[in-house]
Amino acid sequence: MAYATTQDIIDRYGEDQLLILADRDGDGLADEQVTGRAIADADSEIDLHLSKLYDLPLAAVPSVLVQVAVDIAIYRMCNSDALVTEEIRRRYEDARSILRRIAKGEVQLGLPELEKSSGTASSPAIVNGPPRVFGRKRGGGLP
């Protein structure tokens, strides 16, 4: 499930910006392979951060994730440092910061989170078995 579409990129930053970044063959149209790959990369990055908190794919995409996906996709479409402006880099870093905050639980999306397991990860494991044959004492190695 895509968090953003090519139309979302156009709606937020305009078709001219999209053509600058994604018209690699110079025909006046954004190359679908370029936009598709950038959007897929953005989706993967978002899923990486959301997967431990939310059941994916999300039933509904909050608008903040559309913006995050668009900003990541725009950055990914910059195929050279010459195309990466300070604004594009700042938006990308802001998007990554939002994702980190979501993953840490500092920001909520207003969606149902995964249920936590009843056991706690910090409880020690208990192992029953025969007494030790070898101990930690030096010399002899017997308990």
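Please treat every number below as a calculation from the coordinates, not as lab data. All values reported here derive from a predicted model rather than from experimental measurement. In this analysis, Cβ positions are derived from the backbone assuming ideal geometry, glycine residues included, and neighbour counts consider all displayed protein chains.
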Per-residue HN-Hα couplings for segment 54-71, Karplus 6.51 cos²θ - 1.76 cosθ + 1.60 at θ = phi - 60°, whole Hz, x for Gly and Pro?
-> 10, 6, 9, x, 5, 5, 9, 9, x, 4, 5, 6, 5, 4, 4, 4, 4, 5
Among Ala73, Tyr92, Leu48, whose Cα sits farthest toward the positive end of the charge dipole of segment 1-94 (+1 at Cβ of Lys/Arg, -1 at Cβ of Asp/Glu, about the Cα centre)?
-> Leu48
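About the Cα centre of segment 1-49, how large is the charge dipole given +1 on each Lys and Arg Cβ and -1 on each Asp and Glu Cβ? Please answer in debye to the nearest 20. Mind dumping the intermediate values first?
On the way: 3 positive and 13 negative charges, 18 e Å.
Dipole of segment 1-49, to the nearest 20 debye: 80 debye.
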Hz values of 3J(HN,Hα) by residue in segment 89-106 - Karplus curve (6.51, -1.76, 1.60), Gly and Pro given as x = 5, 5, 4, 5, 5, 5, 4, 5, 5, 4, 4, 5, 5, 5, 4, 7, x, 6
Computed ³J(HN,Hα) along segment 37-45: with the Karplus parameters 6.51/-1.76/1.60, θ = phi - 60°, integer Hz and x for glycine or proline, the list is 5, 5, 5, 5, 5, 4, 4, 4, 5
Cβ-placed point charges (K, R +1; D, E -1), dipole of segment 1-105 about Cα centre in debye, nearest 20 = 700 debye
Starting at 0 and stepping by 5 Å, how many percent of the alpha carbon pairs of segment 1-126 end up in each bin?
-> 2, 10, 19, 21, 16, 11, 8, 5, 3, 2, 1, 1, 0, 0
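State, as an integer percentage, the relative contact order of segment 7-61 based on alpha-carbon contacts under 8 Å between residues 6 or more apart. Write out the running numbers ahead of the final one.
Values: 21 pairs, mean separation 8.4, N = 55.
Averaging sequence separation for qualifying contacts and normalising by length gives 15 percent for segment 7-61.
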